[in-house]
Amino acid sequence: MLVHMRIREPTEQDLSDLISLEKECFVDYYRGHRFTTSQFKAYLLDNRAIFLVVIHGPALIGYIVGRVNLGRPRQSARIESIAVSRSGRTRGIGGILIRRFIREARRRGCENVTLEVAVANEEAVRLFTRHKFKPWRRLPAYYSPRHDGIQMNYTMLTDRSPKRSPTRVSRGAQ
């Protein structure tokens with residue numbers, strides 16, 4: 001993990017750094033799925049959005065963004081995008097962002113979190129699997145005619161009560 005790392009909600013002043021990160025991270029078959037400045041602005045204004053950035057020194061090196069879907073009978077959240085700069089990878093930043101997203105989704109009453117990832121992006125699939133996301137269904141030609149996606153799902157624990165140790169019952173003389 002990086003020392004002096006801060007996680008916060010983004011501001012409009014972060015937009016150019018977010019676009020630069022998009023260009024760095026989303027190449028090849030992901031290129032057509034990059035977010036635009038106007039899409040990032042829409043998330044900044046959306047009260048259903050969960051949007052966090054990672055700052056290391058003066059640099060924005062990662063983000064996660066998604067929305068809470070107000071469905072009935074239960075709410076869910078969807079991670080729309082996550083990106084970490086090359087310099088920040090393998091340092092636990094992606095995992096930190098995922099955990100913070102899940103925590104905020106839970107705080108907002110969500111019962112699950114979904115996302116889509118390219119089958120070919122094995123590093124991201126492993127990251128999500130390590131954080132207890134389960135493959136739900138395959139999405140043929142989701143990213144391009146030759147690149148399928150996987151929809152993954154994380155289910156919140158429904159029992160949030162504190163764990164108690166079992167009560168010991170003595171079977172002595174009665």
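The values are calculated or read from the model by the stated rules, or taken from the named source; none is laboratory data. Here the structure is a predicted model, which is why all the values come from computation and not from measurement. Every residue, glycine as well, gets a Cβ built from its backbone with ideal geometry; the counts of neighbours run over all protein chains shown.
The rows are residues; the columns are (1) more than 20 Å from residue 142 (Cβ to Cβ); (2) among the aliphatic types (A, V, I, L, M).
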site	(1), (2)
4	yes, no
15	yes, yes
31	no, no
65	no, yes
Item to check | Candidate set: the range 121-156, residues that are under 14 Å from residue 99 (Cβ atoms) and either β-branched (Val, Ile, Thr) or assigned to a loop (DSSP other than H, G, I, E, B) (or both); chosen: the one farthest from the chain's Cα centre (by Cα) | outcome: 156
Checklist entry - Before we move on, is residue 76 in contact (Cβ under 8 Å) with a residue 24 or more places away in the chain and among the polar types (S, T, N, Q)? => result yes
Next on the checklist: Checking the condition modelled with pLDDT of 95 or more, among the charged types (D, E, K, R) and over 25 Å from residue 12 (Cβ atoms), which residue from 78, 99, 89, 74 passes?
Outcome noted: 99
Checklist entry - For the range 64-101, how many residues meet the condition of being surrounded by 22 or more Cβ atoms within 10 Å (Cβ to Cβ) and either more than 16 Å from residue 128 (Cβ to Cβ) or hydrophobic (A, V, I, L, M, F, W, C) (or both)? => result 11
Next on the checklist: Condition first: of a type outside the set (A, V, I, L, M, F, W, C), under 21 Å from residue 124 (Cβ atoms) and either exposed (fewer than 13 other Cβ atoms within 10 Å of the Cβ) or in contact (Cβ under 8 Å) with a residue 40 or more places away in the chain (or both). Now tell me which residues in the range 21-61 satisfy that.
Outcome noted: 22, 23, 24, 28, 29, 30, 31, 32, 33, 56
Item to check | Among residues of the range 1-33, those that are farther than 17 Å from residue 57 by Cα and outside any helix (DSSP H, G or I), counted | outcome: 2
